[in-house]
Amino acid sequence: MEQQKRLALTEEEQTLRRELGEPAGRPGLLLLLPAAALTVLAAAGICREAGTLQPLYTGAALGGLFCLILLVRLLAGESRIWLVLLAVGAAVLRGVFALKWTVWPHGDYLAGWNLALELSRAGAGEWRALAQGAGLAEGLPFVLYESLVLRLFGPTLAAVQLTNGVWGGVGCLLTALIGEKLTGSRLAGLMAGGILALCPTLLFAAGVLTPMPLYTALLLAGLWLLLCRPFSKTGWNHGLAGAAWGLCLALEPGLPVPLLGAVAWLLLTLPGRKTDGAMGRRVLVLAAALLLAWLAAGGLVWLLTGAGPLAGLEAGALSLRAMAERVRQQFASYDYSWARVDGGTPLRDQIVQTMMHPLLQSYMLGVLLLAAGGILAGVRSASRRSLLPHALLLAGTAAAMVLPADPISNSWAIPLFALLAGAPAGQLAEWTVQMSAPEGGKGRKKAPPLPAPLWTVKLVVSVAVYAAMLALVLIFFTGNGVFVYEAF
């Protein structure tokens, strides 16, 4: 079947797919090494935060991530039903958190919500006056989107929150599909999707009225179209990807990630590619679709509200210290203040005050370390196709250096980190299965010999486990553990 699909492709599309699968070579290092540095610095930024690394909660977060990886390894199969279950499960889980972990709008979110309610009740002729009276300098495209959702599903917070949950499920599905394409392994794709689906940062923030779930879904849709190439004609893939990214720019002009990332990726993957008229046409189609979608959406917003496509966009201070601080806030902050601003039951207050910060930050610490390992492992063999997520990450870094940081906006980067962490997570699960397999004995299937590094790790873990079990036994039989203290 796969062979028949390849034969049905045009010669131009076959050439393009072959070029994308070829090694990136030395130019790829200009994307790989900075992306690896970004993940390592983000992980270091998490580690240096006071109150983040706590034995109990950090261990619980990293242990939960490890158990998730093993669960995906044990359950995942070749059936595509797992992709459907991933998307539906992620959307349902986000919906449950949005309804049970209530987050009321505050600040600009509250102003945008009130304006969306007014727009949903008024006629289109009144929208310009209402928008100008609200005094919002930015975020009007999302306000218009909110008003449309309220008209369709009713004037409740749940209407927007549950719709965002659906976009979150779509993002998890696209992440799994892209991860499978990049690695050639459905397990790695499901690993990436699972890591994203159960990311506690995104779950606790499911109730925040932010455009990021829709923005992220559009960003991943463009990435999927360019990398997975579902249409046999090149123009459709590039045109629809450009349109999706144009809507991204219209929704959040302060995050010009797709445009900058696509340009960097294209320039650094040109060496060795067939630079004929087909290349120019592909670039032209992508750029034209992006520009037309951005202008059309921005023009509609201007027509309805009087706000231009770049309304409210301001640059921050350009000192080296200020730029470095913005990058740190953007890529090392995964405990969103909006998700914890509302109090509630004593249990919720306890979670907010003591557990939330180390749990959320530690989970993303594990993902970042896996992502860094995945980037470094592909330094020699990375294909041109696999460099696009790295380019998008670095484009976001460039945007964060110039524009004011909003930590909740880094939710678009979490799927990219999960993509890069998918293959290392699968390898970690495979190593764990190998180490846990019996090495011999009567009536047991003999496993292949372990490599020396894995044998060493297995020995250390076994000694630690047996020592802990012995300590527990001694403490139990001596009452207060006096014997253990005296022994050491």
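State all residues of the stretch 34-72 that are farther than 16 Å from Pro358 by Cβ and either at pLDDT below 90 or open to solvent by less than 60 Å² (accessible area, probe 1.4 Å) (or both); if no residue qualifies, say none. Pro34, Ala35, Ala36, Ala37, Leu38, Thr39, Ala42, Ala44, Leu68, Ile69, Leu70, Val72 - these are the residues of the stretch 34-72 that are farther than 16 Å from Pro358 by Cβ and either at pLDDT below 90 or open to solvent by less than 60 Å² (accessible area, probe 1.4 Å) (or both).
Rundown of residues vs (1) assigned to a helix (DSSP H, G or I); (2) modelled with pLDDT under 85; (3) surrounded by fewer than 20 Cβ atoms within 10 Å (Cβ to Cβ); (4) not acidic (Asp, Glu), yes/no style:
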position: Val285; (1), (2), (3), (4): yes, no, yes, yes
position: Ala293; (1), (2), (3), (4): yes, no, no, yes
position: Gly312; (1), (2), (3), (4): no, yes, yes, yes
position: Leu318; (1), (2), (3), (4): no, yes, yes, yes
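I'm checking my understanding of the structure. Among residues of the stretch 368-385 that are of a type outside the set (A, V, I, L, M, F, W, C) and within 24 Å of Leu65 (Cα to Cα), which one is nearest to the chain's Cα centre (by Cα)? Looking at residues that are of a type outside the set (A, V, I, L, M, F, W, C) and within 24 Å of Leu65 (Cα to Cα), I get Gly374.
Pairing residues of the stretch 117-141 that are exposed (fewer than 12 other Cβ atoms within 10 Å of the Cβ) with residues that are at pLDDT 80 or above, at Cβ distances under 7 Å and at least 6 apart in sequence or on separate chains, gives Ala124/Leu304. Go over the candidates Leu365, Leu300, Leu376 one by one and state the one that is open to solvent by 60 Å² or more (accessible area, probe 1.4 Å), under 28 Å from Ala42 (Cβ atoms) and part of a helix (DSSP H, G or I). Going through Leu365, Leu300, Leu376 in turn, the sole match is Leu376. Which of the residues that make up the stretch 238-265 are open to solvent by less than 20 Å² (accessible area, probe 1.4 Å) and over 19 Å from Leu388 (Cα atoms)? Selection gives Ala250, Leu251.
Within the stretch 352-362, the set of residues being surrounded by fewer than 21 Cβ atoms within 10 Å (Cβ to Cβ), among the hydrophobic types (A, V, I, L, M, F, W, C) and more than 20 Å from Pro105 (Cα to Cα) comprises just one member, Met355. Only a single criterion out of (1) farther than 24 Å from Gly246 by Cα; (2) touching a helix residue (DSSP H, G or I) at 6+ places or on another chain (Cβ under 9 Å) is not satisfied by Arg128, namely (1). Going by what's in this entry, would Pro438 be described as out of contact with any Gly (no Cβ under 8 Å at 6 or more places or on another chain), modelled with pLDDT under 80 and either among the aromatic types (Phe, Trp, Tyr) or open to solvent by less than 60 Å² (accessible area, probe 1.4 Å) (or both)? Against the criterion (out of contact with any Gly (no Cβ under 8 Å at 6 or more places or on another chain), modelled with pLDDT under 80 and either among the aromatic types (Phe, Trp, Tyr) or open to solvent by less than 60 Å² (accessible area, probe 1.4 Å) (or both)), Pro438 qualifies.
Determine if the stretch 190-201 includes at least one residue that is open to solvent by less than 10 Å² (accessible area, probe 1.4 Å) and touching a Gly at 6+ places or on another chain (Cβ under 6 Å). Yes. Cβ separations smaller than 6 Å between residues 6+ apart or across chains give the following pairs from the stretch 243-262 residues that are over 19 Å from Asp406 (Cα atoms) to residues that are modelled with pLDDT of 75 or more and not aliphatic (A, V, I, L, M): Ala244/Gly222; Trp245/Gly222; Trp245/Pro258; Gly246/Trp294. In the stretch 84-97, the residues that are in contact (Cβ under 8 Å) with a residue 12 or more places away in the chain and open to solvent by 30 Å² or more (accessible area, probe 1.4 Å) form Cβ pairs under 7 Å with partners that are in a helix (DSSP H, G or I) and not acidic (Asp, Glu), at six or more places apart or across chains, as follows: Val88/Gly169; Gly89/Ala197; Leu93/Ala197; Leu93/Leu203; Phe97/Leu203; Phe97/Phe204.
Taken across the stretch 214-237, residues that are small (Gly, Ala, Ser), open to solvent by 10 Å² or more (accessible area, probe 1.4 Å) and not in a helix (DSSP H, G or I) do occur, with at least one present.
Of the set (1) under 19 Å from Ala205 (Cβ atoms); (2) of a type outside the set (A, V, I, L, M); (3) touching a residue at least 40 places away in the same chain (Cβ under 8 Å), all apply to Gly378 but (1).
Scanning the stretch 98-113 for residues that are free of Cβ contacts under 8 Å to residues at least 60 places away in the same chain, of a type in the set (A, V, I, L, M, F, W, C) and open to solvent by 50 Å² or more (accessible area, probe 1.4 Å) turns up just one, Leu110.
Across the stretch 397-433, the number of residues qualifying as assigned to a helix (DSSP H, G or I), touching a Gly at 6+ places or on another chain (Cβ under 8 Å), open to solvent by less than 40 Å² (accessible area, probe 1.4 Å) and modelled with pLDDT under 85 comes to 1. Has the stretch 267-277 got at least one residue that is hydrophobic (A, V, I, L, M, F, W, C), exposed (fewer than 13 other Cβ atoms within 10 Å of the Cβ) and either at pLDDT 85 or above or assigned to a helix (DSSP H, G or I) (or both)? Checked against the condition, which is being hydrophobic (A, V, I, L, M, F, W, C), exposed (fewer than 13 other Cβ atoms within 10 Å of the Cβ) and either at pLDDT 85 or above or assigned to a helix (DSSP H, G or I) (or both), the stretch 267-277 yields at least one hit.
Residues Arg340, Arg348: which one is at pLDDT below 90, under 25 Å from Leu62 (Cβ atoms) and open to solvent by 40 Å² or more (accessible area, probe 1.4 Å)? Exactly one residue qualifies, and that residue is Arg340.
The values are calculated or read from the model by the stated rules, or taken from the named source; none is laboratory data. Because the structure is predicted, anything quoted here is derived from the model rather than measured. Virtual Cβ from ideal backbone geometry, glycine too; neighbours counted across all protein chains shown. Ligands, DNA and RNA are stripped out before the accessible areas are found, and what is left, the full protein with its side chains, is counted by its heavy atoms. Shrake-Rupley method; radii C 1.70, N 1.55, O 1.52, S 1.80 Å.
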